[in-house]
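Before any comments, here is the structure.
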Amino acid sequence: MSGSRRKPGPLGPFVDGYRAWLVGRGYSPSVVVRSLVTLGHLGRWLERNALAVDQLTAEAVSSFLAEYREDRGRLPGASVWPLLEHLRAEGAVAPEPPAVVAPVERLVGEYRVWLVCERGLAPVTVRASERFARRFLAGRVSAGDPSGVLGITADEVNAFLVRECARVSSGSAGCCTYRLRSLLRYLAVRGVADPGLAQAVPRVARWRDATIPHFPTRPEMGGLLASCDRQDATGARDYAVLLLLARLGLRAVEVSRLRLDDLDWRAGQIVVDGKAHRRDQLPLPGDVGEAIVGHLRHRGHRRGE
């Protein structure tokens, strides 16, 4: 398979055709690459289980996904169902009744691929968005609309959102609106929903000064930094942490993940393990570097005692 030294087993003859099939349907290059990697995983699974391509059924795909999840604790980088659809179109796999994979589940599976491959979201966010999409679509399924996507109106969107927000806290309501906009944008990309529907989702009101301020003002931050006793090990640590938060805009979890190997003193850069564990390089300001050095010196002195 192109870009990989590992052979895709009995699915090898279908690599080029599947690539062209994906490109012809407008899949992005990153999704195409991930889909071919998934083809390789599935092909090697068929080989290990002594199965021929024409024995690939929806049940076999489900077994592959269950085994993959159990061994690796995650799903393949791209959905397998489009591959099964392509193989059926090529006559390599026998057609199966449409009821084997519910239209809603197929659509939700494709939505998952979009969230992972196009948006690069973390697994926990993808799972929450997937469950939300399933609730929205399943509530609209009918005999004439098995996917639940035909003729969606702004009134229906708002009515669903009201029901969802009624059972969660005000903080979680914001997540509901985000997930609904994301789903509607995807449906618009698929051409099955009005692109303007995502804009019809109302925003959750957040009253100013109703809660503790999220960010201190510049004078408040200056006073907070000045309160750190940098001659003390704890104060030096707190000063370095506060500067990382204030100067680089890092989150607390990103600061907690920092290791010495993430600091490139010569280049004046720092590598941050951010959302979805994406590694990003940021410039290391001089005052932040000095604060980190001060903290490390105190820690070294304490270990030497």
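Structure notes:
- Of all residues in segment 190-204, those that are closer than 16 Å to residue 137 by Cβ have Cβ atoms under 9 Å from Cβ atoms of residues that are open to solvent by 40 Å² or more (accessible area, probe 1.4 Å) and among the basic types (Lys, Arg), 6 or more apart or on another chain, in 193/185; 197/185; 198/185.
- Where helices (runs of 4 or more DSSP H) sit wholly within segment 101-207, those with at least 2 residues that are closer than 30 Å to residue 37 by Cβ and among the acidic types (Asp, Glu) occupy 103-113.
- Scanning segment 152-170 for residues that are open to solvent by 40 Å² or more (accessible area, probe 1.4 Å) and at pLDDT below 85 turns up 166, 167, 168, 169, 170.
- Selected residue (criterion: farthest from residue 203 (Cα to Cα)) from residues of segment 127-148 that are open to solvent by less than 10 Å² (accessible area, probe 1.4 Å) and of a type in the set (A, V, I, L, M): 137
- With respect to the stated conditions, residue 204 fails to be at pLDDT 90 or above and either closer than 30 Å to residue 116 by Cα or surrounded by 10 or more Cβ atoms within 10 Å (Cβ to Cβ) (or both).
- Residues that are in contact with a Pro (Cβ under 9 Å, 6 or more places away or on another chain) and at positive phi, drawn from segment 245-296: 268, 276
- If only residues of segment 74-93 that are in a helix (DSSP H, G or I), under 16 Å from residue 60 (Cβ atoms) and not basic (Lys, Arg) are counted, the one that is modelled with the lowest pLDDT is 81.
- Checking residue 96 against (1) at pLDDT below 70; (2) under 16 Å from residue 14 (Cβ atoms), the condition it does not meet: (2)
- Of all residues in segment 104-139, exactly one satisfies the criterion of being farther than 25 Å from residue 278 by Cα and among the β-branched types (Val, Ile, Thr), namely 104.
- Cβ-Cβ distances below 6 Å connect the following pairs, each with a first residue in segment 50-69 that is in contact (Cβ under 8 Å) with a residue 24 or more places away in the chain and among the β-branched types (Val, Ile, Thr), a second residue that is surrounded by 13 or more Cβ atoms within 10 Å (Cβ to Cβ) and assigned to a loop (DSSP other than H, G, I, E, B), and a separation of six or more residues or different chains: 53/92.
- Residue in segment 181-198 that is farthest from residue 110 (Cα to Cα), counting only those that are of a type in the set (Gly, Ala, Ser) and open to solvent by 30 Å² or more (accessible area, probe 1.4 Å): 196
- Enumeration of residues in segment 17-72 that are open to solvent by 40 Å² or more (accessible area, probe 1.4 Å), over 27 Å from residue 120 (Cβ atoms) and assigned to a helix (DSSP H, G or I): 47, 48, 54, 55, 59, 63
The values are calculated or read from the model by the stated rules, or taken from the named source; none is laboratory data. Since the model is a prediction, treat every value here as computed from it, not as a measurement. Here Cβ is always computed from backbone atoms with ideal geometry, including for glycine, and neighbour counts include all displayed protein chains. What goes into the accessible areas is simple: the full protein's heavy atoms, side chains included, and nothing from ligands, DNA or RNA. Shrake-Rupley method; radii C 1.70, N 1.55, O 1.52, S 1.80 Å.
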